[in-house]
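What follows is a short report on a single structure.
The values are calculated or read from the model by the stated rules, or taken from the named source; none is laboratory data. As the structure is a prediction and not an experimental result, all values here were calculated from the model. Every residue, glycine among them, receives a Cβ derived from its backbone with ideal geometry; neighbour counts consider all protein chains shown.
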């Protein structure tokens, strides 16, 4: 009876009385094929338009029998890497092709596992004889860019290196990003820098996305202080003049208004207990304009001030909010502004 060949690795199966004097060579070849299946590596160059069909030649080493395949070549369309029907085999496959096209590892007549246009990573797949199945396991990634949806299972340790956010990109997640936390067990965090900011393009720290009305808290530890090495300021806002003047204390804590007639100052909105605000009241060129203050403004001796009457001069008022009243902290009248 002549030798036969195994279904999957095409090992030569000898029978008693056959291959006299050839058993040693055939056995060594079978062992080499087994070695190839257990730990063999081979780069398989794909045709640009047709891909490749893996070889399973009877009784000899063949590229389809390797444990690890590295798919190479420049492809110009989506291609298939075909495992013949009936083969049961596990593979670690790396997609090293060039070109933004799908690579599908499949059986001749069944379905397969797909490396999509941007996936140049590694998959662990198996052929069950009918289809090639993506196990869902990976053999690891060589860079974060290979994982399009990375999720941390623990803290991210920069290990003495920097995390750079450049080219106009940002850390941005409206739902899942709870905090960016700087901590160390050895020494204090020495600096948090924004490098290479373009001239006139100030970096912005802001709360965006998710719910509305989100603030930002800056809190030191223990007896620590918040130190500003340069000027910290609120941009001056111009309130809209009208019969009744509105003032959003949250959005416009430092404000001015020019009176073009006798006016009423409405109660500020969106104030926070402990907040300081300032208001510069300016007479227009005509002057003699009056201002009636809402009852939430509290002045010394419970008496509202009399405004400067001279045209173009200004009166400056500073208030502190106690949760109910805007308490006058100070005033400076009849100021020449230019």
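Quick one: which residue in 264, 308 is over 41 Å from the mean Cα position of the chain (by Cα) and part of a strand (DSSP E or B)?
Details: 308 fails: part of a strand (DSSP E or B).
One residue alone meets the criteria, 264.
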Which residue is modelled with the highest pLDDT, if the candidates are limited to the range 1-57 and must be loosely packed, with under 12 Cβ neighbours inside 10 Å and not assigned by TED's automatic domain parsing to the domain that holds residue 107?
2
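Do you know which residues across the range 58-69 are surrounded by fewer than 20 Cβ atoms within 10 Å (Cβ to Cβ) and outside any strand (DSSP E or B)? Give the derivation first.
Here is the first cut: in the range 58-69, the ones surrounded by fewer than 20 Cβ atoms within 10 Å (Cβ to Cβ) are 58-63, 67-68.
Those that are surrounded by fewer than 20 Cβ atoms within 10 Å (Cβ to Cβ) and outside any strand (DSSP E or B): 58, 59, 60, 61, 62, 63, 67.
Residues checked against (1) touching a residue at least 40 places away in the same chain (Cβ under 8 Å); (2) surrounded by fewer than 17 Cβ atoms within 10 Å (Cβ to Cβ):
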position: 263; (1), (2): no, no
position: 281; (1), (2): no, no
position: 292; (1), (2): no, yes
position: 295; (1), (2): no, yes
position: 312; (1), (2): no, yes
position: 319; (1), (2): yes, no
position: 326; (1), (2): yes, no
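Can residue 329 be described as closer than 17 Å to residue 240 by Cβ, assigned to a strand (DSSP E or B), in the same structural domain as residue 245 (by TED's automatic domain parsing) and modelled with pLDDT of 95 or more? It would help to see each step written out before you state the result.
Details: closer than 17 Å to residue 240 by Cβ: no; assigned to a strand (DSSP E or B): yes; in the same structural domain as residue 245 (by TED's automatic domain parsing): yes; modelled with pLDDT of 95 or more: yes.
Taking the combined requirement at face value, the residue does not satisfy it.
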Looking only at the range 71-79, decide whether some residue is over 19 Å from residue 136 (Cα atoms), loosely packed, with under 15 Cβ neighbours inside 10 Å, out of contact with any strand residue (DSSP E or B) (no Cβ under 9 Å at 6 or more places or on another chain) and outside the structural domain of residue 133 (by TED's automatic domain parsing).
no
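Does residue 285 meet the test of being out of contact with any strand residue (DSSP E or B) (no Cβ under 9 Å at 6 or more places or on another chain), surrounded by fewer than 17 Cβ atoms within 10 Å (Cβ to Cβ) and either touching a residue at least 12 places away in the same chain (Cβ under 8 Å) or part of a loop (DSSP other than H, G, I, E, B) (or both)? Can you show your working first?
Details: out of contact with any strand residue (DSSP E or B) (no Cβ under 9 Å at 6 or more places or on another chain): yes; surrounded by fewer than 17 Cβ atoms within 10 Å (Cβ to Cβ): yes; either touching a residue at least 12 places away in the same chain (Cβ under 8 Å) or part of a loop (DSSP other than H, G, I, E, B) (or both): yes.
Judged against the criteria, residue 285 is a match.
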Of (1) over 19 Å from residue 237 (Cβ atoms); (2) outside any strand (DSSP E or B), residue 292 fails just (2)
So which residues in the range 97-114 are surrounded by fewer than 19 Cβ atoms within 10 Å (Cβ to Cβ) and closer than 20 Å to residue 65 by Cβ?
108, 110
